[in-house]
Amino acid sequence: MSAQGPCAAIEFELKLHVGERQRSIVASLVRRGRSSERHLRATYFDTPGRDLQAHQLSLRIRQEDDVWIQTAKGPTTAGPLQRLEHNVEVPAPLSGEAPEPDLDRHAGTPVGDLIRRALADAGRDCKNSELVALFTTDIRRLTREMRTGGAMVELAFDRGEVRADGRSHAVSELEIELKRGSAQSMLELAERWCRRYGLWLDTVTKASRGERLAADRVFGDAVRAVAPCYDRHATGQEMFRAVLESCLAHMLPNAAELAAGSADEEHVHQLRVGIRRTRTALRELAGFGPPIGEACESALVTAFRALGELRDRDQLLRAVQPRVEGAGGPPVQWDDAHATQHGPGDAIRAADFQGALFGLIAASLPADTEPENAAKTETKAGSEAEDAGPPDALSSARKALRTRLTKLHKRVLRDGKRFETLTIDEQHRVRKRLKRLRYLAEFAAPLFGESKVRRFLKRLTPAQDALGAYNDAAQAIAAFRERAEKDGRAWFAVGWLEAQQAQSAAGCRTALVKVAKAEPFWRASGKR
């Protein structure tokens, strides 16, 4: 996004990865109508201590043909796919060299304030902070504005490289930015092109790509769950959107890493947690937000199961089998029949899963909100909180959550007392309900008090750990039993693991009974 003078905004943009086989078709699509092509060369800067990077901020100076633009970008509470952005046109030095970066160019803007606070945290200020060049980008950008449904969007097909310390990473991506109108129409266009042309959602920015190159890394760290952020007087709709935004902020980065080729077990684990949290939100908060189609739920379940097969096999080979062999068991060979036929990226790049992500993004947005409106919402957030209703007033959201939390809590306690007598499927349902209870409690924390919820969750952790270990053993028993049909050595593992399950089940019951000692934070004072 360029500017002919100071410009501050929240950009709402989707970035789609374009594979080698899709490049020609995407280029032809963007060239339809009135398009233009530019050569963009940019240098990204930070302090020697990477103080901007630590706060998810980026600073660049980019040459757009004959014009120099300094841009600062930063995070916003408006959603995981929106970023604060401020652009300033910079006069070209008479020497012909690139202009020097100056943080004061962003003073008085929302992203400038984030920069000032980030530097203050590091004991620095904008005027006296040394800035160093970290990496560069060299991009050929093909752009076109088009109308789609009720939206005007800008298409930008970027091809080129990110370079750092003699290393490079190829760039081939399509950015779709909402200029005005309906965000829903923009999302429908992106999903349609993903299905037709095999594209997929990629949240890794060029700045992040350059930071990884500078650190000689290919993939980023796995992203853990992000707590929802909303006012304690929020309506059910506001709470639903905040919860869904937090789920997307958890899912999207991990999904992007897996789609790009990561096989890291923590990316797999965190995406599975993110999917489970999302499904909990859709189930337990149904009615607070727009209806989510069955196709979305089905795609989430399919991906979750595919990732679960990978996770279970990794757990079997890395943790369970070494324990069996340590107990004197013979080694068991696992042939291709027991290996997952596809990597994690296949499940994530699948059109149905990508469609589910677009559906969730659409559900997390206020109806047809434009970026300018999101900026106004963020600016006024503080004053609106002051005008909220009386603190003792119970919102419909709080009342509904009490009912859902009570129901889940009662079922966990009821089944926990008789855990050893339940079937395997019933025991698995107890574990799923306990997880839903935990996630729903985390979602509800702003309404009922963070400290009360933390105390409650602390009581749940031992039970969740016990049930997790019990489930891992149950999955391993099933796998060894199946393998024993071809390799009799697997029977040792079946017998050894089954012998421990009775004691493990008793431990699960004990841990679940202790959940009853956790004070239900959602109940009115004095009620049990």
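The values are calculated or read from the model by the stated rules, or taken from the named source; none is laboratory data. All figures in this text were calculated on a predicted structure; none of them were measured in a lab. Cβ atoms come from the backbone with ideal geometry, glycine included; neighbour counts cover every protein chain shown.
What do you reckon, is Leu467 within 26 Å of the chain's Cα centre (by Cα), part of a helix (DSSP H, G or I) and either in the same structural domain as Gly329 (by TED's automatic domain parsing) or at pLDDT below 95 (or both)?
Taking the combined requirement at face value, the residue does not satisfy it.
Among what's in segment 113-129 and is of a type outside the set (D, E, K, R) and more than 17 Å from Ser58 (Cβ to Cβ), pick the residue that is modelled with the highest pLDDT.
Ranking the candidates gives Ala120 first.
Looking only at segment 119-135, which residues are buried (at least 18 other Cβ atoms within 10 Å of the Cβ) and either acidic (Asp, Glu) or in contact with a Lys or Arg (Cβ under 9 Å, 6 or more places away or on another chain) (or both)?
Leu134, Phe135 - these are the residues of segment 119-135 that are buried (at least 18 other Cβ atoms within 10 Å of the Cβ) and either acidic (Asp, Glu) or in contact with a Lys or Arg (Cβ under 9 Å, 6 or more places away or on another chain) (or both).
Criterion first (within 26 Å of Leu252 (Cα to Cα), touching a residue at least 12 places away in the same chain (Cβ under 8 Å) and among the hydroxyl-bearing types (Ser, Thr, Tyr)) does Thr76 satisfy it?
Here the answer is yes, as Thr76 does meet what is asked.
Taking the stated definitions as given, is Ser208 in the same structural domain as Ala133 (by TED's automatic domain parsing), modelled with pLDDT of 95 or more and of a type in the set (S, T, N, Q)?
No: the conditions fail for Ser208.
I'm trying to understand the selection: among the residues of segment 280-313, which are closer than 17 Å to Cys247 by Cβ, in a helix (DSSP H, G or I) and out of contact with any helix residue (DSSP H, G or I) (no Cβ under 6 Å at 6 or more places or on another chain)?
Within segment 280-313, Leu282, Arg283, Glu297, Val301 qualify.
Any chance you could count how many residues in segment 483-509 are touching a residue at least 12 places away in the same chain (Cβ under 8 Å) and either of a type in the set (S, T, N, Q) or surrounded by 14 or more Cβ atoms within 10 Å (Cβ to Cβ) (or both)?
Total satisfying the criteria: 17.
Output the qualifying pairs, or none if there are none: Cβ atoms under 8 angstrom, residues six or more apart or on different chains, first residue in segment 250-272 and assigned by TED's automatic domain parsing to the domain that holds Gln82, second residue at pLDDT 95 or above and assigned to a helix (DSSP H, G or I).
Pairs found: none.
Does Ala505 meet the test of being under 33 Å from the mean Cα position of the chain (by Cα), part of a helix (DSSP H, G or I), among the aliphatic types (A, V, I, L, M) and over 15 Å from Leu437 (Cβ atoms)?
For Ala505, the condition - under 33 Å from the mean Cα position of the chain (by Cα), part of a helix (DSSP H, G or I), among the aliphatic types (A, V, I, L, M) and over 15 Å from Leu437 (Cβ atoms) - is not met.
Among the candidates Pro93, Pro99, Pro80, single out the residue that is within 26 Å of Leu189 (Cβ to Cβ) and either assigned to a loop (DSSP other than H, G, I, E, B) or not assigned by TED's automatic domain parsing to the domain that holds Leu187 (or both).
Within the list Pro93, Pro99, Pro80, the selection yields Pro80.
Of the conditions (1) under 26 Å from Arg272 (Cβ atoms); (2) aliphatic (A, V, I, L, M); (3) buried (at least 16 other Cβ atoms within 10 Å of the Cβ), Ala469 fails just one. Which one is it?
If we test Ala469 against (1) under 26 Å from Arg272 (Cβ atoms); (2) aliphatic (A, V, I, L, M); (3) buried (at least 16 other Cβ atoms within 10 Å of the Cβ), just (3) comes out false.
Kindly indicate the residue of segment 314-347 that is polar (S, T, N, Q), assigned to a loop (DSSP other than H, G, I, E, B) and within 33 Å of the chain's Cα centre (by Cα) and also modelled with the highest pLDDT among those meeting that condition.
Once the filter is applied, the top-ranked residue is Gln341.
With the requirement that a residue be touching a helix residue (DSSP H, G or I) at 6+ places or on another chain (Cβ under 8 Å), more than 22 Å from Met186 (Cα to Cα) and outside any strand (DSSP E or B), what does segment 7-49 give you?
Result: Thr47, single match.
Given the residues Arg438, Arg454, Arg489, which is the only one that is more than 24 Å from His269 (Cβ to Cβ) and not hydrophobic (A, V, I, L, M, F, W, C)?
When all the criteria are applied, what remains is Arg489.
Pick from segment 272-313 the residues that are aliphatic (A, V, I, L, M) and exposed (fewer than 15 other Cβ atoms within 10 Å of the Cβ): which of them is nearest to the chain's Cα centre (by Cα)?
Val301
Residue by residue, here is whether (1) modelled with pLDDT of 95 or more; (2) in a strand (DSSP E or B); (3) in the same structural domain as Arg50 (by TED's automatic domain parsing) holds:
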position	(1), (2), (3)
Thr136	yes, yes, yes
Arg141	yes, yes, yes
Glu173	yes, yes, yes
Gln184	no, no, yes
Leu189	yes, no, yes
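Would you mind finding the one in Arg224, Arg167, Arg196 that is without any contact (Cβ under 8 Å) to a residue 60 or more places away in the chain and in contact with a Leu (Cβ under 8 Å, 6 or more places away or on another chain)?
Arg167
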